[in-house]
Amino acid sequence: MAEITVQNLHKEFGVGADKVVALENVNLEIGGHVFVSIVGASGCGKSTLLNILSGIETPTNGRVSITHDGRPARAGYVFQAARLLPWRTVMDNLLFVQKDRSEATRARCQHYLDMVQLGDKGKKFPGELSGGMQQRVGIARAFSTEPDVLFMDEPFSHLDAITARSLRAELQTMWQETKKTVVFVTHDVGEAVELSERILVFAKGGRLADDLTMSLPFPRDVSDPKVAVAKANVFKTFEQIGALAVT
Amino acid sequence: MSGGTVVTARVARGLKSPLAGRLTFPLVCLAVWLLTIEVVTAIWPFAVDVLPQPTEVAGFMWDEVTGNTLAPRNMYATFWISLQRLGIGMVIAMLLGTVIGLGMGLSRAVNAFFNDWVVAILAMPNLAWALFCSLAFGFGITGPIVTVVLTGIPYVIINIREGVRNAPSDLYDMARAFGVTRGHTIRHVLIPSLMPFMFAAGRYAFALGWKGLVVAEVFGGQDGAGWTIKFWYDAHRAHGVIGYALLFVIFALVFEKFMFDRLSRYFFKWRPASDVELVEERFDPAGAGAQKVTAGPPPRRDVTTETRRPDDG
Ligand SMILES: Nc1ncnc2c1ncn2[C@@H]1O[C@H](COP(=O)(O)OP(=O)(O)O)[C@@H](O)[C@H]1O
Ligand SMILES: [Mg+2]
């Protein structure tokens, strides 16, 4: 079981007058096969937290640990832009992040390409695919390493609403089949309510302001009144912490 | 509109096209050439011996192309000799320039160390390199090769440094997030991202290297294209000098186009050509997108009152 522990995490960028506090004294624990969303307005440190968790950035202060059954956990990452190597084919993009290139590994990559409906696009270059397809390659890549933890940073925010909706459904299915720990960053409250079991609300200045539980069964239907109520409650939380801009 | 005006319009349009402009250029050159000969010989009749007629130059070029030459080697052997020198010089310039450019792109100290020298080498006319190298290395192949290296290397350095500074940091972060090894990242991210810059560097080094090489061969060579131009000069054959230089320019241009187009197609096949159609397709779990094609527009529905969801139907 994957365990994420964050203790007294503090992150600053720049020095002197340029100093920006991106995260301030964040403490949290995430364990098991859960889908956790991190929600907050732009600039409140969501990406920074994910980058520290995945090792792209180092904290100014504090500690993070990500383990799986006591050993360091393997992580996958889906970015806001697909971040594919434009000069490698779709299949080679998946192979790039693998430990080896054995037949079994190739078969696994093919399996995840099939899962995102791109089984026949392995030989294409990313530039030959649409934005939605590129993002699905990014999702297949993250799943293909069979990570214990999956980090996703606003993966659907660049896509049109219709494509984003179908990808959310797809992600939900894949998550339920593979039962990974997912940490999903979004600024879209509706998206968080639709997908997650737990919502961490971040406020300006990088503070963790609230920790909400969503116990409705999946798949969640936006027209279900309970979902609408939950969404309204999350917005109310933002009002209480003063994160909603009043102009 | 009558047939006559259509034809006239078409001819007028044809004359304004870029192709017509291109084809007109050599004709204008030829006219200027002939006119100059007329004017100069009218003023100074003895110039006839010095000013070559276009027909003389063409005849000379034809003889060279058919291998019928008075020079010690025919055109093909000579160009092959020069090409080898250019190749060796370019490989050295690319290797050395890549190492220095990488260093300059990655480290401010290394950049500060080399920067002024790169600018100085860049500003030096290649005639100076050619003269210096033939003095320093005497007659032989070293002088021409060193001249090619010195002419080409600043372009390689500057391009590689630019490539390193334009490093795709988002891809490096991606590689780090997935725990990809350093060697793997260099091979699949760094080197491919530098390829367009290397390519530009190679093209510059090649185009300028040719010129440096020819000048160096004039002064310090015992054979090669530059030396052969000098050979015709020493033999007082103006049509030989012009004809040989023209042949050489044509050879260099054709070779450049052939080689770099090939390489470009090989290295940049991942770049979507403008005519490649983007494959647009959506995930569609239930195949709901495969709607039946019905005649006429769909009936209007009021979704604010409808209780049935479209997925149900
Ligand atoms: N590399 C960086 N250098 C300087 N400031 C940064 C950097 N990355 C993020 N920041 C700053 O840290 C804050 C949090 O950014 P980020 O984590 O990207 O927010 P979010 O993802 O929630 O929109 C912002 O004020 C941003 O300007
Ligand atoms: Mg962000």
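Nothing in this text is a laboratory measurement; each read-out follows from the coordinates by a stated rule. The model shown is predicted, which means the values in this text are computed figures rather than measured ones. Backbone-built Cβ (ideal geometry, glycine too); neighbour counts: all protein chains shown.
Work out how much length A:Arg71 to A:Ser102 would gain on full extension: take 0.36 nm times their residue separation and subtract the Cα-Cα distance, in nm to one decimal.
On the way: separation 31, 0.36 × 31 = 11.16 nm, distance 2.42 nm.
This chain segment gains 8.7 nm when fully extended.
Under 19 Å Cα to Cα from B:Lys230, which aspartates and glutamates show up? Leave out anything in the same chain fewer than 8 places away.
B:Asp49, B:Glu56, B:Asp63, B:Glu64, B:Glu217
Assigning unit charges at the beta carbon (Lys, Arg +1; Asp, Glu -1) and nothing else, what dipole magnitude in debye, to the nearest 20, does the protein assembly as shown show about its Cα centre?
Numbers: 55 positive and 52 negative charges, 61 e Å.
Around 300 debye, computed over the protein assembly as shown.
For the modelled label position 7 Å from the Cα of B:Phe255 along Cα-to-Cβ, which residues of the stretch B:42-83 have backbone nitrogen atoms closer than 11 Å?
Answer for the stretch B:42-83: B:76-83.
Can you compute the modelled spin-label distance between B:Ala123 and B:Ser17, with each label point 7 Å from Cα toward Cβ, in nm?
Spacing of the two 7 Å Cα→Cβ label points: 4.7 nm.
Can you put A:Leu84, B:Leu35 in order, fewest other beta carbons within 10 Å first?
B:Leu35, A:Leu84
What ranking do A:Glu24, B:Glu256, A:Glu103 get, fewest neighbouring Cβ atoms within 10 angstrom at the top?
Starting with the residue having the fewest Cβ neighbours, the order is A:Glu103, B:Glu256, A:Glu24.
For a 31 Å ceiling on Cα separation, which of these pairs sit above it: A:Lys121/A:Lys231; A:Lys124/A:Lys226; A:Lys180/A:Lys204?
From A:Lys121/A:Lys231; A:Lys124/A:Lys226; A:Lys180/A:Lys204, over 31 Å: A:Lys121/A:Lys231; A:Lys124/A:Lys226.
For an R0 of 45 angstrom, estimate the FRET efficiency from the Cβ-Cβ distance between A:Gln172 and A:Ala17 and round to the nearest 0.05. Don't skip to the answer; put the middle values down first.
Details: r = 45 Å, r/R0 = 1.00.
Result of the calculation: an efficiency of 0.50.
How high is the relative contact order of the stretch B:65-267? Use alpha-carbon pairs under 8 Å, at least six apart in sequence, and give a whole percent.
Over the stretch B:65-267, the number comes to 27 percent.
Determine ³J(HN,Hα), in whole Hz, for all residues of the stretch B:241-257 in sequence, where each value follows from phi through the Karplus function 6.51 cos²θ - 1.76 cosθ + 1.60 and θ = phi - 60°; x replaces Gly and Pro.
4, 5, x, 5, 4, 4, 4, 5, 4, 4, 4, 4, 5, 5, 4, 4, 4
Using a simple spin-label model with points 7 Å from Cα along the Cα→Cβ vector, what separation in nm is obtained for A:Asn8 and B:Leu27?
8.6 nm
Any chance you could give the angle, 0 to 90 degrees and rounded to 10, that helix B:142-165 forms with the longest Cα principal axis of chain B?
20 degrees
Take the alpha carbon atoms of the stretch A:206-220, find their center, do the same for the stretch A:124-202, and report the distance between the two centers in whole angstrom.
17 Å
Over chain A, what relative contact order in percent results from Cα pairs under 8 Å that are six or more residues apart?
Relative CO of chain A lands at 26 percent.
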